[in-house]
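Undergrad: Structure incoming, see below.
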Amino acid sequence: MRTIKQARRLIERDPLSNEARVLAALVTALESDSSFSVKELYTLDEKHFEMALQILNDWRLDRYYLGKAKIFDVALQAREYQAKSDQ
């Protein structure tokens, strides 16, 4: 399964988990060309850290255009949900 799809499913399944928060922040930063603190990656376990690196690689290569659109939508929804839960 492609990494982008795996990340999307992870974010959909548990948007409040640390992994979902970090991956959603990474994806939204990549898509919106905004800042992302690299130190956030170090809060991830090895499996999810590797997933984040693979997302960076895939994004750079721009191979999964449709997959990127889907994960960006899910990441935005998760960020909104996360913001509401933090209040």
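A short reminder: the numbers here are calculations on the coordinates, not readings from a lab. None of these values were measured; they are calculated from a predicted model. Quick reminder, even Gly has a Cβ in these numbers, built from the backbone with ideal geometry, and neighbours come from all protein chains shown.
Undergrad: Are there any pairs with C-beta distances below 6 angstrom linking a residue in the stretch 44-63 that is more than 15 Å from residue 29 (Cβ to Cβ) and free of Cβ contacts under 8 Å to residues at least 24 places away in the same chain to a residue that is in a loop (DSSP other than H, G, I, E, B) and of a type in the set (Gly, Ala, Ser), with the two at least 6 apart or on different chains, and if so which?
TA: Between residues of the stretch 44-63 that are more than 15 Å from residue 29 (Cβ to Cβ) and free of Cβ contacts under 8 Å to residues at least 24 places away in the same chain and residues that are in a loop (DSSP other than H, G, I, E, B) and of a type in the set (Gly, Ala, Ser), there is no close pair.
Undergrad: Residue by residue through the stretch 33-60, note down the ones that are in contact with a helix residue (DSSP H, G or I) (Cβ under 9 Å, 6 or more places away or on another chain) and over 15 Å from residue 3 (Cβ atoms).
TA: Answer for the stretch 33-60, where residues must be in contact with a helix residue (DSSP H, G or I) (Cβ under 9 Å, 6 or more places away or on another chain) and over 15 Å from residue 3 (Cβ atoms): 34, 35, 36, 37, 40, 42, 43, 45.
Undergrad: Looking for whichever is over 20 Å from residue 83 (Cα atoms) and among the aliphatic types (A, V, I, L, M) here; the options are 30, 53, 26, 16. Which one fits?
TA: After ruling out the rest, the residue left standing is 53.
Undergrad: If I filter the stretch 30-49 for residues that are over 10 Å from the mean Cα position of the chain (by Cα), outside any helix (DSSP H, G or I), crowded, with 16+ Cβ neighbours inside 10 Å and not aromatic (Phe, Trp, Tyr), do I get at least one hit?
TA: Looking through the stretch 30-49, at least one residue is over 10 Å from the mean Cα position of the chain (by Cα), outside any helix (DSSP H, G or I), crowded, with 16+ Cβ neighbours inside 10 Å and not aromatic (Phe, Trp, Tyr).
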